[in-house]
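First comes the structure, then the notes that go with it.
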Amino acid sequence: MDSVVRINAELGGTLTSPVIDGVDFNTFEAEATPNTAEYLWMFTELKRRFGQDFGITSPPAPWKAEDKAMIREALSRDLMTYAGPQFYDGTGLADPEYIIATTRDWVLNVAGGDASKIVVGFGMENMENYSSIDQIRTAWRAIEKEFPTIRGAFLWQHKTDSDRGWAFAKQLAPLVLGNVIPEQPMPSALPPALAQPPGPVVKIGSASYPLSGIDIALELNALVAYTDRVPTTSTNPIGCEVTVTGGKVSLINDRQVGEFTTGTRVPEGGFVLSGHGEARTWLLANARAGAAVEGITVTPTPRF
């Protein structure tokens, strides 16, 4: 709570006139279970400090009983603005029938029938367990017909939509807002300039993949290198991480099936390649213990 107050003050806000609209709590992360008592205390304290209009939201796992229980309690006490079950990056989460039925369950059994407390989270991507725009339209139209006061919809993540000319926003916003515009086909892939961005390319053997950056947040289909500035990676367990020591692969950690649930240790003077989506597939197909990794040079962090 103190950190939120501090950040608000650093940005020029006060408790009576905050510049932060609210806080979004990621209650679902891997196998984490929300502590209901702690969350309710935090929500109550934020409302006390910033006022009842301060926004409190969460993108929970739609199937998870623990998330439902915590959010049901928070909504019943009017401590949350809305919850946004996220339907992407998991088996069956792109199925419109599942999205419709599960959203109905959240409205009726979590929000107490108040659809204005629920937002639907979609993932629009040309890959497994992500929806097409047609699937999204089908699900949204059925949900809105059954629950006209449903609060809205969002896409994970906004940069992906920006890179595609706001394909999701331009096509779904009119449905959410009650207007009609001509339907546009979803791009089959990123434009060539975006699919192959300028910058370094990592090579393992004869295979190559563009590097999105060093020590930055891991995004959709991105390949990122993490240096020993931080001892252990903090990426979530949906990708593959390859440890590189002395310019060669020393460890392969597929975090979806591996044993390292808290991240991968970064070796001193080496780095870890972390890949999501297509980058994860590329790493798993090409990284082998002892294989040479080219195209990236990391300067060791000085030790004092």
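The values are calculated or read from the model by the stated rules, or taken from the named source; none is laboratory data. If you're wondering where the values come from, they're calculated on a predicted model, not measured in any experiment. Glycine also receives a Cβ, built like all others from the backbone with ideal geometry; neighbour counts cover every protein chain displayed.
The figures follow:
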quantity: Residues located in region 77-91, provided they are assigned to a loop (DSSP other than H, G, I, E, B) and under 13 Å from Lys117 (Cβ atoms); calculated: Arg77, Asp78, Leu79, Met80, Thr81, Gly84, Pro85
quantity: Unmet criterion (only one of (1) more than 26 Å from Asn129 (Cβ to Cβ); (2) assigned to a helix (DSSP H, G or I)) for Lys68; calculated: (1)
quantity: Residue tally, condition in contact with a Phe, Trp or Tyr (Cβ under 6 Å, 6 or more places away or on another chain), among the charged types (D, E, K, R) and within 27 Å of Asp78 (Cβ to Cβ), over region 113-161; calculated: 2
quantity: Residue within region 125-136 that is in the same structural domain as Glu31 (by TED's automatic domain parsing), in contact with a strand residue (DSSP E or B) (Cβ under 6 Å, 6 or more places away or on another chain) and not aliphatic (A, V, I, L, M) present; calculated: yes
quantity: Ala111 being over 20 Å from the mean Cα position of the chain (by Cα) and closer than 23 Å to Pro148 by Cα; calculated: yes
quantity: Out of Lys145, Lys117, sole residue that is of a type in the set (D, E, K, R), modelled with pLDDT of 95 or more and over 18 Å from the mean Cα position of the chain (by Cα); calculated: Lys117
quantity: Residue in region 8-47 that is modelled with the lowest pLDDT, counting only those that are among the small types (Gly, Ala, Ser) and farther than 19 Å from Gly84 by Cα; calculated: Ser17
quantity: Flag if Leu46 is part of a loop (DSSP other than H, G, I, E, B) and over 23 Å from the mean Cα position of the chain (by Cα); calculated: no
quantity: Qualifying position, being surrounded by 21 or more Cβ atoms within 10 Å (Cβ to Cβ) and assigned to a loop (DSSP other than H, G, I, E, B), among Ala61, Ala139, Ala74, Ala94; calculated: Ala94
quantity: Count of residues meeting criterion [at positive phi and without any contact (Cβ under 8 Å) to a residue 12 or more places away in the chain] in region 79-121; calculated: 1
quantity: The one condition in (1) free of Cβ contacts under 8 Å to residues at least 40 places away in the same chain; (2) more than 29 Å from Lys170 (Cα to Cα) that Leu155 fails to fulfil; calculated: (2)
quantity: Hey, Arg6 assigned by TED's automatic domain parsing to the domain that holds Val120, in a helix (DSSP H, G or I), exposed (fewer than 12 other Cβ atoms within 10 Å of the Cβ) and among the charged types (D, E, K, R) or not; calculated: yes
